[in-house]
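Below is one structure, written out as structure tokens, with a few remarks after it.
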Amino acid sequence: MKFVIISHVRHLKNNNKYFGYAPYVREMNIWLKYADKIIVVAPLSEGDPTAIDLAYTHFNISFKKTLSFNLTGVGEVVLTILKLPLIFWKIFWAMKTADHIHLRCPGNMGLIGCFVQVLFPNKIKTAKYAGNWDSKSKQSWSYRLQKWILSNTFLTRNMQVLVYGDWGNQSKNIKSFFTATYSESEKISFDKADFKNGIKFVFVGSLVAGKKPLYAVKLIMALLKNGHNVTLDLYGEGLERDSLENYIQRNKLEKYVILKGNQNKETLKAAYQKSHFVILPSKSEGWPKAIAEGMFWGCVPIATKVSCVPYMLDSDKRGVLLEMDLNKDIEQIENLIINQNSFLKKSQLATEWSRSFTTDVFENEIAKLMIK
């Protein structure tokens, strides 16, 4: 089977290997087990991989490099118009040779792929929509357009669209799905440390405005002011790092809030195991892996009511749904700190739920999509 991937993910070529964002590549390597030849159509550059990059493991992979583009300004729109014919052409010819077309959405490449796939109604296709599928959420016009095309069974034929959450009243090609990080063999028993020696919080994600890492810091600062022995480790990099460092210094939080930078899977795994809570006050998510990963290791999740997060937390039975009101959110968290039995119950429920979504289960579901 010739498997063609259309993706906006930026890739690196190093020593004749192709690298990309590790969680994405880790998932794709499972898909690729069921294909003989892989063609990736995506942005590509030369460079050294970082701690959050991972290589594709397939033996027969070729790359069709495309120009990166965006639609954020007038100048960029003009440049994009000039680039589109070549990008369209590369995607068209890759799809023409494919036995299975796979789109990664939402994204700029996914948007073009949505249009081009209409020309191949008889080919087997899948799309992974990794963003928020909630029709009531505020989203950019390009995201809404991708969702409309993917849901339209006249334009989009012979395709299964994998989305996070169960939204009801969907077209027949929409399939509720999930993702996973850990295997069945990693479901080892563990004991969460009590609160006597401190309460550990962890944030894992890009340090960008949309993830709201500053709100996580403000939660910790408020808990400290209320007399709680708490610390926060933030894993990730991004444009907000400098402002976070300045905020931490101004408020003398250096002992309590630590910026850890980008780290690999094993380092994050150890961080979850040592932490009591995982925080993600994000504006928008698909299936937030940091939340699912933390829950796997008994962290009680503290997250916003976006996308399928309320489903993941079973409203508030498995965690804390943020109101994004500091006083109200502190009250929710303090209730768990004061009543450790309530914390332990949520921790247990979080673990049980997350451990039902392992990479083994994920691979079984992928096999059903790939083997016809």
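Please treat every number below as a calculation from the coordinates, not as lab data. A quick note: this is a predicted structure, and the numbers were derived from the prediction, not measured. No Cβ is skipped: glycine too gets one built from the backbone with ideal geometry, and neighbour counts run over all protein chains shown.
Taken about its Cα centre, the stretch 185-354 carries a charge dipole of about 160 debye when Lys and Arg each add +1 at the Cβ and Asp and Glu each add -1 at the Cβ. Distances between every pair of Cα atoms in the stretch 185-354, grouped in 10 Å steps from 0 to the bin holding the largest one, split as 10, 43, 39, 8, 0 percent.
Rg over Rh for the stretch 80-225 works out to 1.11, using Cα positions for both radii and the Kirkwood form for Rh.
Counting other Cβ atoms within 10 Å as a rough exposure proxy, the listed residues Trp141, Trp148, Trp353 run Trp141, Trp148, Trp353 from fewest neighbours to most.
Against the main long axis of the alpha-carbon atoms of the chain, helix 359-370 sits at an angle near 20°. By other beta-carbon atoms within 10 Å, ranking Trp89, Trp297, Trp31 with the fewest at the front produces Trp89, Trp31, Trp297. A dipole drawn for the stretch 185-354 from +1 and -1 charges on Cβ atoms has a positive end, and of Ser282, Asn341, Leu253 the residue lying farthest that way is Leu253. Working note: 222 nm ellipticity from helices only, DSSP H runs with n ≥ 4, each -39,500 (n - 2.57), summed and divided by the residues of the chain, gives -11500 deg cm²/dmol to the nearest 500. Please work out the FRET efficiency for the pair Tyr311 and Asn226, using the Cβ-Cβ distance as r and a Förster radius of 30 Å; give the result to the nearest 0.05. FRET efficiency, Tyr311 to Asn226: 0.45. Under the combined filter of DSSP loop state and at most 13 neighbouring Cβ atoms within 10 Å, the stretch 248-337 retains these trypsin sites (Lys or Arg not before Pro): Lys252, Lys255, Lys305, Lys317. Axis of helix 22-31 versus longest Cα principal axis of the chain: the two differ by about 50°, to the nearest ten degrees. Here is the link list: Lys96/Lys211; Lys65/Lys305; Lys265/Lys346; Lys65/Lys283. Which ones come out longer than 29 Å on Cα distance? Too far apart for the 29 Å limit: Lys96/Lys211; Lys65/Lys305; Lys65/Lys283. Between 0 and 90 degrees, the angle of helix 213-225 with respect to the longest Cα principal axis of the chain falls at about 10 degrees. Of Gly236, Gly298, Gly210, which is the most mobile in a GNM of the chain whose springs link Cα atoms less than 10 angstrom apart? Greatest mean-square fluctuation among the candidates belongs to Gly210. When you restrict to C-alpha pairs under 8 Å that are six or more residues apart and normalise by the size of the stretch 1-128, the relative contact order lands at 31 percent.
Counted over the chain, the DSSP beta bridges are approximately 10% antiparallel. Taking the chain on its own, what percent of its Cα-Cα pair distances exceed 33 Å? Of the Cα pairs, 33 percent sit more than 33 Å apart.
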